[in-house]
Ligand SMILES: Nc1ncnc2c1ncn2[C@@H]1O[C@H](COP(=O)(O)OP(=O)(O)O)[C@@H](O)[C@H]1O
Ligand SMILES: [Mg+2]
């Protein structure tokens with residue numbers, strides 16, 4: 001098949017996506033596919049560097065480099081146009097965060113009638129907006145930390161006062177633990193809110209769940225083994241997510257069978273009620289009384305060789321290339 005791998009983009013998780021994109025491209029080539037990498041935020045020169053050729057976009061008029069960033073937005077449209085012109089059988093979406101994960105790219109691909117991997121437009125939006133996902137979880141009786149949401153920096157703090165310390169303050173629609181703060185004392189609330197509002201127009205304030213960090217990957221309709229993350233820091237932050245040796249992993253997690261099964265079933269239900277497709281990764285905290293709380297569903301989880309979904313797949317006997325191939329097959333169903 002001819003497969004365009006979308007990677008990079010202009011979100012805060014751009015660098016991670018470039019690594020995901022490279023590893024997915026390598027796997028797809030090894031599986032016998034023709035692969036073209038497209039960075040939706042790239043200028044013509046950057047696009048050429050990515051594939052070491054410019055033959056795919058001859059005839060496309062890019063804004064001159066000096067005129068960027070005034071025409072930055074046009075790059076997404078142009079690069080999608082190139083993608084369409086390449087007539088791929090499918091697009092592998094290796095973007096993370098921002099427009100690549102929140103439904104915008106999905107909507108553009110829908111409009112262009114190009115099939116793509118992973119969740120569709122609506123599920124992507126619902127999963128990206130943590131406050132909306134949490135409403136879905138509550139409605140389905142999937143426990144999620146108690147909290148409130150501030151819709152603007154000046155919003156009333158009344159509901160925060162009703163929550164017990166420690167708290168977590170985080171942007172509504174970021175990833176990679178960016179802009180996230182643990183609050184142990186009241187005086188830390190305002191600075192944390194200001195920082196979180198730098199990344200999002202909405203901020204979540206919720207109870208901190210002391211305990212263990214678990215994540216559950218879904219592939220097709222299959223739930224992979226529960227994976228426990230043991231980060232060096234007291235939360236799974238950017239450094240622990242992406243630096244070697246900053247986290248230890250245990251898969252399958254050491255949990256009694258009944259508890260592991262119930263967490264897996266919560267994960268699959270969360271994936272389904274948001275309408276996710278293909279694959280996803282569901283993040284949990286497990287408190288000291290073994291009560292699980294769902295934090296979020298990631299519709300475009302990291303897919304480098306050392307990422308969590310590939311680790312869980314490996315524990316289920318699925319190697320990286322087979323995992324990538326399954327995701328492609330699901331996209332064409
Ligand atoms: N309510 C919470 N209680 C305890 N830890 C939390 C809570 N919310 C987030 N965290 C910590 O921060 C990390 C990132 O939070 P998450 O909601 O998954 O956002 P994202 O991964 O999109 O940045 C979690 O993996 C966890 O370590
Ligand atoms: Mg997370």
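The values are calculated or read from the model by the stated rules, or taken from the named source; none is laboratory data. Remember, it's a predicted structure, so these values are computed and weren't measured experimentally. Positions of Cβ are generated from backbone atoms using ideal geometry, with glycine treated the same way; all protein chains shown enter the neighbour counts.
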Notebook entry, point to check: Would you pick out the residues in region 278-306 that are within 13 Å of ligand 1 (Cβ to nearest atom) and either in a loop (DSSP other than H, G, I, E, B) or surrounded by fewer than 17 Cβ atoms within 10 Å (Cβ to Cβ) (or both)?
Noted result: 287, 288, 291, 299, 300, 301, 302
Next item on the list: Check region 256-274 and report whether any residue there is assigned by TED's automatic domain parsing to the domain that holds residue 132, within 14 Å of ligand 1 (Cβ to nearest atom) and surrounded by 14 or more Cβ atoms within 10 Å (Cβ to Cβ).
Entry: yes
Notebook entry, point to check: Which of the residues spanning region 234-252 are modelled with pLDDT of 85 or more and touching a helix residue (DSSP H, G or I) at 6+ places or on another chain (Cβ under 7 Å)?
Noted result: 246, 247, 249, 251, 252
Next item on the list: Identify all residues within region 307-333 that are in contact (Cβ under 8 Å) with a residue 40 or more places away in the chain, closer than 18 Å to residue 226 by Cβ and in a loop (DSSP other than H, G, I, E, B); write none if there are none.
Entry: 307, 316, 318
Margin query: Being within 30 Å of residue 333 (Cβ to Cβ) and touching a helix residue (DSSP H, G or I) at 6+ places or on another chain (Cβ under 6 Å) is the filter here; which residues of region 221-233 pass it?
Written below: 223, 224, 225, 226, 227
Item checked: In region 226-240, residue farthest from ligand 1 (Cβ to nearest atom) [restricted to those that are farther than 15 Å from residue 208 by Cβ and under 19 Å from the mean Cα position of the chain (by Cα)] -> 226
Next item on the list: For region 86-95, state whether one or more residues are in a helix (DSSP H, G or I), outside the structural domain of residue 174 (by TED's automatic domain parsing) and within 22 Å of the chain's Cα centre (by Cα).
Entry: no
Margin query: Can you tell me which condition residue 17 does not meet? The list is (1) in contact with a helix residue (DSSP H, G or I) (Cβ under 8 Å, 6 or more places away or on another chain); (2) farther than 19 Å from residue 98 by Cα; (3) in a helix (DSSP H, G or I), and all the others hold.
Written below: (2)
Check: How many residues, within region 189-225, are more than 13 Å from residue 179 (Cβ to Cβ), away from ligand 1 (no atom under 12 Å from the Cβ), within 21 Å of the chain's Cα centre (by Cα) and crowded, with 17+ Cβ neighbours inside 10 Å?
Finding: 7
Next item on the list: For region 141-150, name all the residues that are assigned to a loop (DSSP other than H, G, I, E, B), at negative phi and over 22 Å from the mean Cα position of the chain (by Cα).
Entry: 146
Item checked: Spans of helices (runs of 4 or more DSSP H) in region 154-245 with at least 1 residues not assigned by TED's automatic domain parsing to the domain that holds residue 133 -> 158-161, 189-197
Item checked: Checking residue 123 against (1) within 20 Å of residue 268 (Cα to Cα); (2) touching a strand residue (DSSP E or B) at 6+ places or on another chain (Cβ under 7 Å), the condition it does not meet -> (2)
Notebook entry, point to check: Quick one: is residue 63 surrounded by fewer than 19 Cβ atoms within 10 Å (Cβ to Cβ), more than 23 Å from residue 176 (Cα to Cα) and in contact with a helix residue (DSSP H, G or I) (Cβ under 9 Å, 6 or more places away or on another chain)?
Noted result: yes
Note to self: Is it the case, given these coordinates, that residue 54 is touching a residue at least 24 places away in the same chain (Cβ under 8 Å), surrounded by fewer than 21 Cβ atoms within 10 Å (Cβ to Cβ) and in a loop (DSSP other than H, G, I, E, B)?
What the structure shows: no
Check: Which residue pairs have Cβ atoms under 6 Å apart, sit 6 or more places apart or on different chains, and have a first residue in region 24-51 that is more than 23 Å from residue 329 (Cα to Cα) and a second that is assigned to a strand (DSSP E or B)?
Finding: 50/37; 51/37
Checklist line | Members of region 307-328 that are within 16 Å of ligand 2 (Cβ to nearest atom) and buried (at least 24 other Cβ atoms within 10 Å of the Cβ) | finding: 308, 309, 312
